[in-house]
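Have a look at the structure below before the remarks.
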Amino acid sequence: MTARNFLDAIYRFLSKRVVYHSLFWIVLFAVMLRGAKLDGVGWWFTLSNELIGLAFYAVLVYFNLLYLIPNYLARQALIYLGLVLAVSAIMTPIEVLVLYIKFDDAPLYRERLVEQQTNVFIGNVFVTLVSTVLRVIMDWWRYQTEKQVLLTQTMQSELRFLKSQINPHFLFNTLNNLYALTLKKSDKAPEIVLKLSEIMRYMLYECNEKRVLLSKEIQYINNYLDLERLRQPKEADITLTVDGHVSDQLVAPLLFVPFLENSFKHGLNHHVQGGGFVHIHLAVHGEDLEFSIKNSKENHLPRSGHPRSGGIGLVNVRHRLDILYPENHNLIIEDEPNAYKAVLQLKMV
């Protein structure tokens, strides 16, 4: 069992209500026994006294947890505090009376008990408020855990959605071009099959982790561009340049797919006369990465009889970045008259 799995197992164990409630009472009872004064009396006398005190603490704590906190703490804090004091004030004389009767054969303890009623009241209030603090901490802990689980599920759902966005036009055009090459018995056909299989394998099987090697993402981009070069006009200018040292840096999988798709789908594919360009530049400096992609666009885009499809859209791109790289990214979009440019700056953490 790895250290991570061991810690997760401990967390799951401590998160069980019966476990952390039991730990609370065990620790509290140990503290009470530690502070008890024997003064020559038997251990059972002292133990029974503390058990009675523990029983009254339990009444106060669970009344607080089950009624006062849900109904008053969040909405009316001052009233909640007043009720805690009032309930403690009611329970204190009852507890003192029970102990007074128990001390029938110990007049010295009766006298001391009457003198220390204020301390009993303070102890009741203190333990009740401690249970409130612990409840708030546990609720916050549970909220953070559930929030993290929700974020993880959201990222996994978005990643599955992203995998489903393999552009069918891109795939079918590649297959058609591959078919034409096989008819011509071209030497390029095996290479195209290999690149297409690498793309499909990477998207479907190797992107299940939260982070993947940056080198694999770059290889994916290269394969994607190679297949686009096959189906674009020969005069199309498609380039990728990488600056800096790419080693073992990790990045979110398929992070650059929407930018690649949009640059061709809404840019190069609309150059009905041929030509156009897609220029991609990736700069790596340690954990800092800058990805920029610029594509040409026609002055007058041909009208489409159907809505555009594919990609996850700029809004979802920003949302995914906010989840994966909160406070660690910057996305700049520049819409120029003849070109469209996107620059993504992020710290690979």
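Computed from the coordinates by the stated procedures, all read-outs in this text should not be read as laboratory data. In this text, all values refer to a predicted model and were calculated from it rather than measured experimentally. Quick reminder, even Gly has a Cβ in these numbers, built from the backbone with ideal geometry, and neighbours come from all protein chains shown.
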(message) Taking the number of other C-beta atoms within 10 Å as the exposure measure, put Lys147, Lys294, Lys210, Lys234 in order starting with the fewest.
(response) Lys234, Lys147, Lys210, Lys294
(request) Place a +1 charge on the Cβ of each Lys and Arg in segment 3-151 and a -1 charge on the Cβ of each Asp and Glu, then give the dipole magnitude about the Cα centre in debye, rounded to the nearest 20. (result) 660 debye
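Mind checking the full-extension length gain between Thr241 and Val315? Use 0.36 nm per residue of separation minus the Cα-Cα distance, one decimal, nm. If you can, show how the numbers build up before the last one.
Values: separation 74, 0.36 × 74 = 26.64 nm, distance 2.69 nm.
Gain on stretching Thr241 to Val315: 24.0 nm.
Once fully extended, how much extra length lies between Ile333 and Ser22, figured as 0.36 nm per residue of separation less the alpha-carbon to alpha-carbon distance? Provide the component values of the computation, followed by the final result.
Working: separation 311, 0.36 × 311 = 111.96 nm, distance 5.59 nm.
Working it through step by step, the gained length comes to 106.4 nm.
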(request) Taking a cut-off of 20 Å between Cα atoms, list the lysines near Lys210, but don't count ones fewer than 8 places away on the same chain. (result) Lys147, Lys163, Lys347
(request) May I ask which residue of Phe103, Val127, Ile137 lies farthest towards the positive end of the charge dipole of segment 80-138, with charges of +1 (Lys, Arg) and -1 (Asp, Glu) on Cβ and the Cα centre as origin? (result) Ile137
(request) Name the residue, out of Val31, Val246, Val125, whose mean-square fluctuation peaks in a Gaussian network model built on the chain with Cα pairs under 10 Å. (result) Val31
(request) Would you mind ranking Leu47, Leu60, Leu97 by Cβ crowding within 10 Å, fewest neighbours first? (result) Leu97, Leu47, Leu60
(request) Measure nothing but the geometry: give the 0 to 90° angle between the long axis through the Cα atoms of 313-324 and the longest principal axis through the Cα atoms of the chain, rounded to 10°. (result) 40 degrees
(message) What do you get for trypsin sites (Lys or Arg not before Pro) in segment 70-129 restricted to DSSP loop and a cutoff of at most 10 other Cβ within 10 Å of the site's Cβ?
(response) Arg75
(request) Treating the angle as unsigned and between 0 and 90°, give the value, to the nearest 10°, between the Cα long axis of helix 168-183 and the longest Cα principal axis of the chain. (result) 40 degrees
(request) Could you state the angle between the C-alpha long axis of helix 214-231 and the longest principal axis of the C-alpha atoms of the chain, as a value from 0 to 90 degrees rounded to the nearest 10? (result) 30 degrees
(message) Test of understanding: in a Gaussian network model of the chain with alpha carbons linked when under 10 Å, which of Gly276, Gly53, Gly82 would top the mean-square fluctuation ranking?
(response) Gly82
(request) Please state, to two decimals, what the Cα-based radius of gyration of the chain comes to when divided by 2.2 N^0.38 Å (N = residues). (result) 1.68
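Give me the percent of DSSP beta bridges within the chain that run antiparallel, rounded to the nearest 5.
Among the beta bridges of the chain, antiparallel pairing accounts for roughly 75 percent.
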(message) Tell me the mean residue ellipticity at 222 nm calculated for the chain from its helices only (DSSP H runs of n ≥ 4, each -39500 (n - 2.57), averaged over every residue, nearest 500).
(response) -20000 deg cm²/dmol
